[in-house]
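The values are calculated or read from the model by the stated rules, or taken from the named source; none is laboratory data. Remember, predicted model here, so these are calculated numbers, not experimental data. Counting neighbours? That spans all protein chains shown, and the Cβs are built from the backbone with ideal geometry, glycine included.
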Amino acid sequence: MLEDARNNVYRTANTEMLRAYWNVGREIVEEEQKGKGRAAYGSALLEELAKRLTELYGKSFSSRHHRYMRQFYREFPKWNALRSELSWAHYRMLLKVEKENAREFYIQEAITGNWSTRQLERQINSLYFDRLLMSKDKQELKLDTDKNKKVMHPANIIKDPFVLEFLNVKENENLAESRLESALSSNSKTIRTRDTT
């Protein structure tokens, strides 16, 4: 029960972070850019957003990060289609995959195989999807891939610098696990409360 509860806390933090970044991307595309490729006032929009949000929420809100959030929304326009089993780091890597069928393949494999972000990155960089399509012995290639697999554990979500920044936990803070879980819990309650108001 305790392990399940902890995993639920970790997954809730991840889901809420994904939701927040997806909503920021949606806001940029739909409200600021009015659905167009860019806003009438150009890249100044992202720079201004970055400046304001970095002051309030930390360095993970750089203009570069806003570009990822905007792309995240564009590539995954349906919130319900996102998979909570994957972290923000997974999705950032998936944004680099241009072919939609390849991206869907990597999503499914990452979930089924419980791939860590390093494993996903390794498979994308080694063109695993393309190699599998061309392979005469697909089963052998899959077995070879599984041998080098690094499994993702829900607790590792919390160690992700993006998550710590999102939760407003300073990098040099020495947190006891109970304080970290408390921060996660209160942050997720705050986000849910904001969503319902």
Return a yes/no flag: does region 35-53 have any residue that is loosely packed, with under 12 Cβ neighbours inside 10 Å, more than 18 Å from the chain's Cα centre (by Cα), of a type in the set (Asp, Glu) and modelled with pLDDT of 80 or more.
no
Failed item, numbered, when LEU86 is tested on (1) closer than 21 Å to THR117 by Cα; (2) part of a helix (DSSP H, G or I):
(2)
Please tell me if ARG70 is surrounded by fewer than 17 Cβ atoms within 10 Å (Cβ to Cβ), touching a residue at least 12 places away in the same chain (Cβ under 8 Å) and part of a helix (DSSP H, G or I).
no
Please enumerate the residues belonging to region 100-118 that are free of Cβ contacts under 8 Å to residues at least 12 places away in the same chain and surrounded by 11 or more Cβ atoms within 10 Å (Cβ to Cβ).
GLU104, GLN108
